[in-house]
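Q: The structure that follows is given in the form of structure tokens.
Just so it is clear, none of the values below were taken in a lab; they were calculated from the coordinates. Every value quoted in this text rests on a predicted model; they were computed, and no experiment measured them. Counting neighbours? That spans all protein chains shown, and the Cβs are built from the backbone with ideal geometry, glycine included.
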Amino acid sequence: MKKILFSLFIFFAIILNFKTTTFAQETSNQISDIEEIVVTSQKRANAIAAQDLPVSVTAINEQLILESESVDLTDIGRMVPNATLHPSATFASTPNFLIRGIGISGTTRSLDPAVGVIVDGVYLGFPVGANLDMFDRESIEILRGPQGTILGRNVTGGAVVVRTKRPSGEFGVKADVTVGDYSRRDLSFSFEGPISDTISGKIAVMSRERDGYWKDNNGGTMVPTAGAIARGYDETGFGESGTKPDVDLTIIRPMLLIEPNENLDITLIGEFLSDKSGTADSRNFVNSSSLRRTQLFGYTPPEDRYEINHNLMGGNDLEIDTFVGEFNLQTDTGILTGIASYRELTYDSSTDFDGSPITLFHFPDNHEEQEQQTFELRYAGSASDNIDYVVGISYFDQEMFVGERRDFGVADIAGVVELSHDSIGIFAELDYSITDKTKITLGARWTEESKDVIFNAIGSCEKDFSSCSGPSSGLSVAGTFDDTTPKVAITHALNDDVNIYASYTQGFRSGTFDARARTVDSFLNSKPGPEEVTSFELGMKSTFNDGKILLNIALFQADYDDIQKLALEECEVDIVTCPSGRIQRLINAAKATIEGIEIETRINITDQFSIQGSLGYTDAGFDEFLGFDADGVRGYDPVTDPAAAAALKFERVPELTYNIMANYFQPLSNGAEIDFRLAYSYTDDFTNDALGTRAIITDSYGLLDASVSYTFAGSGLKLTVFGKNITDEDYHDFALDNALTSLTWGGVPDTYGLRLTYSFE
């Protein structure tokens, strides 16, 4: 009720202060010079153009977000070289993001992401809900390579920096209605304006609904195990036959901008998110390696790739409340900035993991809670005409509760993990202009993290996870991890249009524990220390032909050490803790070298026609892999020979990615305008397992999108017809081949829609 009242207060305050406003006639979209994109992720006192930074960054503005019909960060990732921004297989709202080959593939909550997601200056410590919706976003910045100096903890692969559109201080209205196939219905509305001489407000509301892409032929009938029945899972109908997963998302986002004087501004942001969408459903996939397994159970999957036969209708119930407060105080020499935030999350889900009408592997009920607080205080200023700097301190604290149950048909196990986690960081970065053309950047960050984990697993839990029992009940571990990560970069302007740079950066990902350990031994001895990434980069950023051509190139090499991986280790034989003498533990198992290239370009061919695109190539190879199950049989096979290790594969890392977009617009005699857009993105084949044989290979695929827009003269109205994956490419983002069956997730069919937007400012 409080969140609703808060939002209504802002809405009516603006209404009551509404003044007569003239419609702002939008100017023509005529293309001239390449638009200078200013980034906010570097936290400087003055705006910095992306072209002037010794950092590989793709900055996407609000216009491109809308033109590309991007719904979430997965759509954004298709426009970025060497970025795999896919959701996880089992939990649709949870990202498994990788940049330049560095990231994680899994949903173990104690395993920190290697690609940080930062929203309005706030790092999201819990991955659930981090595959953000693009509603009312002002900009997205994808930074590649370690970014720990400025952006903080656990950004060894890179960072995704999202900025929500702030109140402008002026009256403005935007409304958006989108309808499409699969019964898609999107409604969004934002209204902003002054409340008083010093206070402005904004309220943005969005509702998105859609049926699922997959037809469930089985109808969601589950026969639970005896243990499940004893705990109350005696229902036989978990849903009705029909399309799934569906989408049911609501976002309410009120904001206040307070400007008591010309030197101080305060922004307050609230966000209340409710997501009751379906799960990311798996499809049972028959190929030569898995056919024998599916036949053993007497089940043959449907031939239609959009038909499934599940006996548990999965679902999600995600609630997130977020509050962010930011102030900026202008002084004689710089800006003092403070950001404080609070995030509260609850998440309930159920998933049919095995992709069949047989109860082989289900997550019948999971319950998760997270509470996080963050604080950052920094000062960005100038010491002289040729020295700019930023110094700051940050604090992060979170509490997590994760209850999971797995039903294997003949038995089920459950457990609870409680994690307390806090982190403190002190950072500084300095830009020194040696000459008018040459600048050196020096930076460093010290980070200390503490984690405490209480583990109740491999046992039995009540349906609501209020109590658990088992051999590992009540076990706890704790650890403290710290590191200092430096940065050195030099930038030189060959002329007014061409900058070259070289950089050396280090990244640090905290040590952790295995929250999904299968035995007491694996929990107590899964204590990997921090990962470290050392990155070298050479780059060029340039414009040509009087600003009509942009060309950026980056070459990089990353030494990736102490990689946290599940691996097999020897253990003392014990019937309870280690029955076989070999056990799976989460350890610092591997080392790797990653090399690659990135190219981004935009060409304004005429005043009405432009193309832009990017290409990324990643060569990621292991140098060693300790405790690897190399022969596919439970055993201990450390791969220390560099040649043998290099044959292993990085999970979900395509060698080649590229995209190209073409835009053409035509002014009409009546003052209206028509716009055409065509976009193609390509992802090379990749494996989902280090061997590249035990898991299904994701074949290369290309996605073609198109849209046509008509902007009505002088009305603020725009009508768009769009199609995504219009060639109906058959693809998937993730695959798994386990002892039971082969499964795939993802792959959206061809979809079409109609969008009507109205705005005036």
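Q: Testing the spin-label approximation: label points 7 Å from Cα along Cα→Cβ at Glu462 and Thr40. State their distance in nm.
A: 4.5
Q: Counting other C-beta atoms within 10 Å, and keeping those with at most 14, which DSSP coil chymotrypsin sites (Phe, Trp or Tyr not before Pro) do you find in segment 656-761?
A: Those satisfying the criteria are Phe712.
Q: Applying 1/(1 + (r/R0)^6) with R0 = 30 Å to the Cβ-Cβ distance of Lys437 and Thr601, what FRET efficiency is obtained, to the nearest 0.05?
A: It comes out at approximately 0.80.
Q: Sticking with this structure for a sec: Over 27 Å between Cα atoms, which of Lys215/Lys724; Lys565/Lys724; Lys276/Lys565; Lys202/Lys276; Lys215/Lys276 qualify?
A: Lys565/Lys724; Lys276/Lys565, as the Cα separations exceed 27 Å there.
Q: Fewest first, what order do Arg755, Arg516 take by the number of other Cβ atoms within 10 Å?
A: Arg755, Arg516
Q: Could you work out how much longer the chain between Asp181 and Phe536 gets when fully extended? Use 0.36 nm per residue separation minus the Cα distance between them, nm to one decimal.
A: 123.1 nm
Q: Continuing with the same structure: Work out how much length Glu259 to His492 would gain on full extension: take 0.36 nm times their residue separation and subtract the Cα-Cα distance, in nm to one decimal.
A: Gain on extension, Glu259 to His492, equals 80.0 nm.
Q: Starting from 0.36 nm per residue, how many nanometres of slack lie between Glu170 and Glu303 once their C-alpha separation is accounted for?
A: Contour length minus Cα-Cα distance gives 42.3 nm.
Q: Could you check the simple spin-label distance between Asp730 and Ile393, using points 7 Å along Cα→Cβ, in nm with one decimal?
A: Output for this residue pair reads 6.0 nm.
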